[in-house]
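Enquirer: Please find one structure pasted underneath; my questions will follow.
The values are calculated or read from the model by the stated rules, or taken from the named source; none is laboratory data. Model, not experiment: these values are computed from the prediction. Reconstructed Cβ throughout: ideal geometry from the backbone, glycine too, with neighbour counts over all protein chains shown. Remember, those area values only see protein heavy atoms, side chains included, never the ligands or the DNA or RNA. Shrake-Rupley method; radii C 1.70, N 1.55, O 1.52, S 1.80 Å.
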Amino acid sequence: MNTNGSAASLGTSADDRIQNERATIDALDDQIIESIKRRALISRKIQQVRAEEGGPRLVLSREMSVLEHYRTGLGPVGTDVAARILDLCRGALHAAFEVPAQPAPAAEGERRGT
Ligand SMILES: C=C(O[C@@H]1C=C(C(=O)O)C=C[C@H]1O)C(=O)O
């Protein structure tokens, strides 16, 4: 098995083409990752503004139109993609990237050593 995932050895030009295309894929993946992070930050700002005004953090009707947007763009699988992205924007991404790992505060009895 070579680095291109093929047991047969490919010609140099095929190898080069694959490496070039993979560089493009990696660059596109970087853009997708950055876009998801940026989306999550903006989504969180909107959720915070609404919460500060006493509203709900999440709005189902808006989420339905986001799902529909992805379904229109990507077909049925777009709904799954959108669902995962919405999930990340509800907090999973912030939890993974921004909340420093801290030990849970000690319970009352533990602090007193009782
Ligand atoms: C960002 C918003 O708030 C929440 C997050 C959404 C999102 O990440 O797209 C959509 C609806 C809301 O549940 C919004 O209302 O636009």
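Enquirer: Can you check what the net charge comes to around residue 49, using other residues whose Cβ is under 15 Å from the Cβ of residue 49 (Lys, Arg +1; Asp, Glu -1)?
Expert: The answer is +3.
Enquirer: Sort 48-56, 87-95, 60-68 for me by packing, meaning the mean count of neighbouring Cβ atoms within 10 Å per residue, highest on top.
Expert: Averaged packing, sorted descending, gives the order 87-95, 60-68, 48-56.
Enquirer: Still on this structure: Compare 36, 85 by solvent-accessible area with a 1.4 Å probe and give them largest first, with all protein chains kept in place.
Expert: Correct descending sequence by accessible area is 36, 85.
Enquirer: What is the local net charge at residue 58, summed over the other residues whose Cβ is closer than 10 Å to its Cβ (Lys, Arg +1; Asp, Glu -1)?
Expert: Residues near residue 58 contribute +3 overall.
Enquirer: Could you compute the FRET efficiency for residue 69 and residue 27, with r as their C-beta to C-beta distance and R0 at 22 Å, rounded to 0.05?
Expert: 0.35
Enquirer: Pop out the ³J(HN,Hα) list for the range 70-79 in order, Karplus 6.51 cos²θ - 1.76 cosθ + 1.60 with θ = phi - 60°, rounded to Hz; leave Gly and Pro as x.
Expert: 5, 5, 5, x, 10, x, x, 5, x, 5
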